[in-house]
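Data block below; observations after.
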Amino acid sequence: MSDPMADWSFATRAVRASRDTGNLADPTERARAGLGRPVAPGIQPASSFAFERVEDLDRAFEDPQAGYVYARHGSPTADLFAGAVADLEGAPGAVAFASGMAAIHAVLLAAGIREGETVVAGRDLYGATHGLLSTLLAGSAGVRLRLVDGTDPAAVREAVEETRPRVVYVETVSNPLLRVADLRAVAEIARGAGATCVVDNTFASPYLCRPIALGAHAVLHSATKYLGGHGDLTAGVVAAEGELLDPLRAIGRLAGGTLGAFEAWLALRGVRTLALRMERHCTNAAAIAIHLAGHSRVRQVHYPGLVSHPQHVLAARLFDGRGFGGVVSFAIRDAGAAEVARFMDALRLFVPAPTMGDVYSLALYPARSSHRGLTPEERAALGIGDDLVRLSVGIEGLEGLLTDLDQALAA
């Protein structure tokens with residue numbers, strides 16, 4: 001039977017994939033009884049599930065697909081959210097986790113990372129990801145880490161050929177300098193060496209890019225960001241090829257980093273409006289990037305939508321004309337920590353907060369937040385100076401955002 005969703009647009013898929021209540025027993029029973037079926041998914045918060053016969057319980061323990069047993073093993077609302085993300089990412093399945101970092105840790109373990117194995121990763125990673133790899137895994141678990149320029153396929157190939165890694169890990173758009181990885185080339189290199197290609201797609205979201213279609217084995221999100229989109233939940237999710245799904249589920253079950261029902265329901269609500277929000281995020285961010293690029297108090301702007309960006313052509317091809325994301329970073333001319341602090345304190349519409357991807361606009365100082373765990377020398381080597389500010393551009397009116405930036409820069 002053909003898939004009725006196969007020809008639907010992304011926006012339609014986002015709305016409908018998060019609406020299917022077929023795996024929640026009560027709405028289905030009500031529909032059969034002629035009592036009507038909810039148009040929105042419900043929350044199933046049960047921590048355990050009862051069976052009429054021990055034989056059925058035993059079967060569910062043996063085969064998770066046969067039924068739910070205990071929420072740490074899997075729950076209907078979390079699975080509904082994971083299924084919606086799998087559909088949008090074009091993956092066979094997905095597993096939801098309690099945070100983006102839990103998702104990253106789980107997919108590395110599922111891919112076989114252990115003592116003596118190597119991870120080749122993009123050099124300018126999110127600070128917490130860098131910490132996980134360099135401290136928790138490489139520092140105490142005996143994992144080898146090789147950092148390379150993830151935007152340079154030749155550098156990735158050289159590192160892969162030299163180290164024969166278990167995992168090649170890159171971000172679609174890096175944090176906070178917004179460098180764009182050539183995902184098709186990286187995935188081809190990883191597959192050719194028998195390595196698992198893992199892509200953090202948080203900054204792009206499936207609205208802009210679907211790494212599975214470009215050859216990645218697994219794609220992950222901090223669903224706290226664009227998928228949830230409203231600043232009211234913490235969640236992560238990994239969409240992956242089939243052979244990674246059972247290990248991912250086992251890690252969630254044994255390590256316990258699974259997603260709760262209420263957070264899963266909030267994430268589902270966010271997925272419904274993802275297309276609308278991303279369109280506005282991208283439009284506002286592009287206008288702000290252009291405005292800042294012409295501002296006398298700005299030394300440099302990092303945004304893939306600018307023709308001056310080193311991967312602008314690649315980003316245009318990768319994102320297929322839908323936009324260039326909702327994050328802009330820029331360096332304030334002749335500024336240090338004190339001047340950046342004055343800028344941040346002067347903001348009235350942008351909210352200083354250590355996250356991104358929400359409906360409201362946010363400002364972050366990477367040297368003191370996302371990358372504070374790195375030494376000044378490490379930050380300088382990555383290009384993260386004391387003058388750098390990262391903006392997560394929301395969906396507010398553009399004129400107000402521009403006015404706020406101008407008056408804060410004047411301060």
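The values are calculated or read from the model by the stated rules, or taken from the named source; none is laboratory data. As the structure is a prediction and not an experimental result, all values here were calculated from the model. Note that we place each Cβ from the backbone using ideal geometry, even for glycine, and neighbour counts take in every protein chain shown.
Starting from residues that are crowded, with 24+ Cβ neighbours inside 10 Å and of a type in the set (A, V, I, L, M), keep the ones in region 168-186 and report whichever is farthest from CYS209 (Cα to Cα). Filtering region 168-186 for residues that are crowded, with 24+ Cβ neighbours inside 10 Å and of a type in the set (A, V, I, L, M), the one farthest from CYS209 (Cα to Cα) comes out as VAL168.
Can you find a residue that is among the basic types (Lys, Arg) and in contact with a Leu (Cβ under 6 Å, 6 or more places away or on another chain) anywhere in region 330-337? Checked region 330-337: no residue is among the basic types (Lys, Arg) and in contact with a Leu (Cβ under 6 Å, 6 or more places away or on another chain). In this structure, is THR129 outside the structural domain of PHE319 (by TED's automatic domain parsing), crowded, with 19+ Cβ neighbours inside 10 Å, touching a Leu at 6+ places or on another chain (Cβ under 9 Å) and among the β-branched types (Val, Ile, Thr)? When the stated conditions are applied, THR129 does not pass them. Select, from ASP124, ASP79, the only residue that is assigned by TED's automatic domain parsing to the domain that holds GLY257 and more than 22 Å from ALA195 (Cβ to Cβ). Answer to the selection: ASP79. Condition check for ALA338 on (1) loosely packed, with under 15 Cβ neighbours inside 10 Å; (2) small (Gly, Ala, Ser); (3) closer than 19 Å to GLN300 by Cβ: one failure, at (3). As a summary of the residue check, ALA264 satisfies the conditions (1) in contact with a helix residue (DSSP H, G or I) (Cβ under 6 Å, 6 or more places away or on another chain); (2) surrounded by fewer than 21 Cβ atoms within 10 Å (Cβ to Cβ); (3) part of a helix (DSSP H, G or I) except for the one numbered (2). In the set ASP3, ASP56, ASP87, only one residue is acidic (Asp, Glu) and at pLDDT 85 or above; that residue is ASP87. Residue by residue through region 148-167, note down the ones that are of a type in the set (A, V, I, L, M) and surrounded by fewer than 18 Cβ atoms within 10 Å (Cβ to Cβ). Within region 148-167, ALA154, ALA155 meet the criteria. Scanning region 310-354 for residues that are farther than 23 Å from ARG184 by Cα, at pLDDT 95 or above and within 19 Å of the chain's Cα centre (by Cα) turns up VAL328, SER329. If you check VAL307, VAL389 for being assigned to a strand (DSSP E or B), modelled with pLDDT of 95 or more and either among the hydroxyl-bearing types (Ser, Thr, Tyr) or within 30 Å of PRO206 (Cα to Cα) (or both), only one passes: VAL389.
When the residues of region 125-162 are filtered to those that are in a loop (DSSP other than H, G, I, E, B) and polar (S, T, N, Q), the one that is farthest from HIS221 (Cα to Cα) is SER140. Number of residues in region 349-386 that are on the phi < 0 side of the Ramachandran plot and either of a type in the set (S, T, N, Q) or part of a loop (DSSP other than H, G, I, E, B) (or both) equals 21. Looking at LEU178, LEU136, LEU109, which is the one that is at pLDDT below 95, farther than 20 Å from GLY228 by Cα and hydrophobic (A, V, I, L, M, F, W, C)? Residue meeting the stated conditions: LEU136.
Whenever a residue of region 225-249 is charged (D, E, K, R), its partners that are buried (at least 23 other Cβ atoms within 10 Å of the Cβ) and in a loop (DSSP other than H, G, I, E, B), lying with C-beta atoms within less than 6 angstrom and at least six residues away or across chains, give the pairs LYS225/THR202; LYS225/MET356; LYS225/GLY357; GLU241/HIS217. Under the condition of being hydrophobic (A, V, I, L, M, F, W, C), touching a strand residue (DSSP E or B) at 6+ places or on another chain (Cβ under 8 Å) and part of a helix (DSSP H, G or I), the residues counted in region 89-109 number 7. Taking region 184-211, which residues are in a helix (DSSP H, G or I), among the aliphatic types (A, V, I, L, M) and touching a strand residue (DSSP E or B) at 6+ places or on another chain (Cβ under 6 Å)? Within region 184-211, VAL186, ALA187, ALA190 meet the criteria. Here LEU245, LEU178 are screened, and the one residue that is more than 27 Å from VAL307 (Cα to Cα) and either assigned to a helix (DSSP H, G or I) or under 20 Å from the mean Cα position of the chain (by Cα) (or both) is LEU245. If you go through region 6-53 and keep only what is polar (S, T, N, Q), surrounded by 13 or more Cβ atoms within 10 Å (Cβ to Cβ) and modelled with pLDDT of 75 or more, you end up with just GLN44. Hey, does region 358-381 have a residue that's closer than 22 Å to GLY294 by Cα and surrounded by fewer than 20 Cβ atoms within 10 Å (Cβ to Cβ)? No: zero hits. Pairing residues of region 391-411 that are closer than 16 Å to ARG277 by Cα with residues that are surrounded by fewer than 16 Cβ atoms within 10 Å (Cβ to Cβ), at Cβ distances under 6 Å and at least 6 apart in sequence or on separate chains, gives GLY394/VAL359; GLY394/TYR360; ILE395/VAL359.
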